[in-house]
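First the structure, in the form of structure tokens, and then the observations on it.
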Amino acid sequence: MDFSISHDQQAILDSVTKLLQNNLTPLDQRDFDQKGSAPYHIMADLADLGLFGMPFPEQYGGTNIEWDTIAMVQHAMGKTAYMAASLLNRSIGFGGMPILMFGSSDQKENILPKIINGEALFALALSEPGAGSDANAIISRATPMASGGWQLNGNKIWVSDAKAASFIVIACKTEDSEGSDGISLFLTPPDTKGISMTPMNKVGTHWMPSFSLSLDNVILPETAILGEPNNGFKQLMTVLHYARAGMAASVSGLAQRAVDIAIDHSIERHQFGKPIAANQVIRHRLVDMQMRVNQSRLTAFYLAWKIANGLECKTEASEAKIVATEALNFVTDAGMQILAGAGYDNDSEMQRIWRDARLYTFGEGSNEIQRNIIAKEIIC
Ligand SMILES: Cc1cc2nc3c(=O)[nH]c(=O)nc-3n(C[C@H](O)[C@H](O)[C@H](O)COP(=O)(O)OP(=O)(O)OC[C@H]3O[C@@H](n4cnc5c(N)ncnc54)[C@H](O)[C@@H]3O)c2cc1C
């Protein structure tokens, strides 16, 4: 086992941390959250560092970096500015990897370079009012047209960054099959005629605006389909471990940020004539928090190592997602207790992370569903 970080890896980690410390400070992050807008400007800076190109072959302008390094970068980004990590995750996980693995040569040649240059953000429109955990229950439909192309109708909810995305990956039924067959994915520009969006009002992640979408006779060319028709759900499942690796690594970084804030506060805050960190109950709580973050980072890095080595990682992907997101909720809940009134102030970073954390145990495949996946593998 080798836990060392190479000189080259350290150089990337230092560059990305410095970039985010300078260009997306904690105060900037607070402002983006409070105004309900994402720091899209940071995408060009991340692209300049080559980050959007990390998993992609050189022929498209990528740098072909292994997933263990990508996970370290995602962890560093999560710790410094999770919002930036999230933009990177979704461009690579929802757009880049599915296109690389299933896209036509035209889609690869035209869209991958845009992702790599930081010009193409992706949104995923899978969830519907009647289809959350049970994604196969979607009823939005894409019908082939006699003149060629597709006509989409239906309703989607919780589509994050739908307005700012270059493409929304819209999942629709294209065949009345049982189970996961019969779903296809469509690369859809958000300004396509027939799409109307309504912002959703939510508890947290205000820096990632989410929308409900109404699809009313949306006409798309034949070339908009991603991969084979009726295979969309399986395609999404095939690339999911990349998204989970990015999410778990960056969420463990975000959890580290929450622990660091709690440690700093407990040293600075004096009550009864001494720092609150002098109380054993606070010290032990901080230790428990740090141990949970360490576990989540190691679990995320183990998943990334498996991906880098081409090993089967279905259960590890689910485990990494569970461990990271539950650790984040644990440390932010404890962090709110340690910061107390200072944390409850709407300007505090801890409360923002605490509110955001609540999404991650059910978003991107709930932790109950992840446990179902693991149970099926280890039990039957
Ligand atoms: C802020 C935010 C952003 C989002 N962004 C996107 C996005 O960009 N694109 C997108 O497509 N979706 C997005 N979603 C939707 C998200 O993926 C869903 O919320 C998630 O899949 C859970 O679905 P649900 O909310 O309908 O819960 P439900 O499916 O109704 O589940 C409710 C509860 O029941 C549990 N449950 C359900 N079935 C089982 C079972 N078989 N076994 C055990 N427990 C079960 C769940 O784990 C959960 O605890 C977003 C959601 C939010 C809140």
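No value in this document is a laboratory result; all are computed from the given coordinates. Just so you know, these numbers come straight off a predicted model, no measurement behind them. All Cβ positions, glycine included, derive from the backbone under ideal geometry; neighbour counts span all protein chains shown.
Quick notes on this one:
- Hypothetical label at Phe3: residues of region 298-336 whose amide nitrogen lies under 15 Å (7 Å Cα-Cβ projection): 298-303
- All lysines inside 22 Å of Lys163 as judged from Cα atoms, apart from same-chain residues fewer than 8 positions distant: Lys35, Lys114, Lys193, Lys202
- Cα-based helix-to-principal-axis angle, 105-116 vs the chain, degrees rounded to 10: 20
- Value of D in µm² per second that Stokes-Einstein yields for region 240-380, Kirkwood Rh from Cα pairs, at 4 °C (1.567 mPa s): 82
- Relative contact order (%) - criterion: Cα under 8 Å, at least six apart; region: region 20-138: 26
- Net charge contributed by nearby residues that have their C-beta within less than 15 Å of Ile373 (K/R +1, D/E -1): -1
- Under Karplus coefficients 6.51, -1.76 and 1.60, residue-wise ³J(HN,Hα) of region 197-213 in Hz, glycine/proline x: 10, 10, x, 9, 9, 9, 6, x, 6, 5, 6, 10, x, 10, 9, 8, 10
- Pairwise alpha-carbon distances in the chain exceed 27 Å for 48% of all pairs.
- In whole angstrom, region 101-185 maps to an equivalent ellipsoid with semi-axes of 24, 17, 12, each derived as √(5λ) from the alpha carbon gyration tensor and ordered largest first.
- Residues of the chain were split at every exposed loop site, defined as chymotrypsin sites (Phe, Trp or Tyr not before Pro) in a DSSP loop with at most 14 other C-beta atoms within 10 angstrom, and the longest piece left, sites excluded, is 41-271.
- Based on the Stokes-Einstein relation at 37 °C and a viscosity of 0.692 mPa s, and on the Kirkwood radius from alpha carbon pairs, region 7-116 is assigned a translational diffusion coefficient of 229 µm²/s.
- Summing charges over all other residues whose Cβ lies under 15 Å from the Cβ of Ala308, with Lys and Arg as +1 and Asp and Glu as -1, gives -4.
- Cα gyration tensor shape for region 322-380, rounded if a/c is under 1.5, else prolate or oblate: prolate
- Span from the region 135-211 Cα centroid across to the region 246-285 one, whole angstrom: 41
- Under 5 Å from the amide H of Asp161 lie the amide H atoms of Ser210, Phe211, each residue being 5 or more positions distant or on a separate chain, with H modelled from the backbone and absent for Pro and chain starts.
- FRET efficiency, Ser105 to Ala340 (Cβ-Cβ, R0 51 Å, nearest 0.05): 0.35
- In terms of its C-alpha gyration tensor, region 138-197 comes out oblate, because a/c is 1.5 or above while a/b does not outweigh b/c.
- Greater than 23 Å apart at Cα, pairs in Lys234/Lys321; Lys79/Lys314; Lys108/Lys376: Lys79/Lys314; Lys108/Lys376
- In the elastic network of the chain, a GNM with C-alpha springs shorter than 10 Å, the most mobile of Asp288, Asp176, Asp260 is Asp176.
- Per residue, the convex hull volume that the Cα atoms of region 197-300 enclose (Å³): 153
- Viscosity 1.002 mPa s, 20 °C: Kirkwood-radius Stokes-Einstein D of region 122-228 over Cα pairs, µm²/s: 155
- Set of region 333-350 residues, backbone N closer than 17 Å to the point 7 Å along the Cα-Cβ line of Asn279: 333-344
- Helix 232-268 axis, angle to the chain major axis (alpha carbon atoms, nearest 10°): 20
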